[in-house]
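Novice: If you scroll down you'll find the structure; I have some questions about it.
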Amino acid sequence: MVGRLASDIAMRLMGKHRPTYTPHLDTGDFVVVVNAEKVTFTGKKWDQKTYTWYTGYPGLRSETAARRFERRPELILHEAVRRMLPKNKLGRKMLSKLKIYVGSQHPHQAQMPETIELGSKRK
């Protein structure tokens, strides 16, 4: 359910959950995601979804979602959220406020983050 979780996170990063939302301003919150290794895809996406990138040399590098999950599971959620944010300087600023961690430990206890259940199926 990477897509549901990513869309909720993107909404919080942009600030669309606030009544003071303004598209050209960064009014969103910082988001800390823990247990990134528990994300799931539906269907055959683990084998059929591919991530590609350009290295600077001829040709593209690519890997499946299952291979990326083995290597760095937090990148799956990071890429999904990045693609849902605006593609400009403001979007990059919003993405810098996203912190994703594998496991339940994170170094942001001093900021007293609130726990919010995101990505659940809406009724």
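Any read-out appearing in this document is the output of simple, stated calculations on the displayed coordinates, not a laboratory observation. Bear in mind the structure is a predicted one, so any value in this text is a computation, not a measurement. Neighbour counts run over all protein chains shown; Cβ positions are idealised from the backbone, glycine included.
Novice: Give me the distance in nm between label points sitting 7 Å out from Cα along the Cα-to-Cβ direction at Y51 and K93, one decimal.
Specialist: 2.7 nm
Novice: A further question follows. Output the 0 to 90 degree angle, nearest 10, between the alpha-carbon long axis of helix 2-14 and the longest principal axis computed from the alpha carbons of the chain.
Specialist: Between helix and principal axis, roughly 40 degrees.
Novice: Once the convex hull of the alpha carbons of region 69-114 is built, what does its volume come to per residue, in cubic angstrom?
Specialist: In region 69-114, the Cα convex hull volume per residue is 100 Å³.
Novice: A further question follows. Any idea what log10 I(q)/I(0) is at q = 0.11, 0.13, 0.25 Å⁻¹ for region 23-112, Debye with uniform C-alpha scatterers and no solvent?
Specialist: Log-scaled intensity ratios, in q order: -0.41, -0.56, -1.26.
Novice: Next question. Of the cross-linked pairs K44/K87; K16/K97; K45/K97, which ones have a Cα-Cα span greater than 25 Å in the structure shown?
Specialist: With Cα atoms farther than 25 Å apart: K44/K87; K45/K97.
Novice: While we're looking at this one, here's another question. Taking only the C-alpha atoms, wrap a convex hull around region 43-94 and report its volume per residue in Å³ as a whole number.
Specialist: Roughly 107 Å³ of hull volume per residue.
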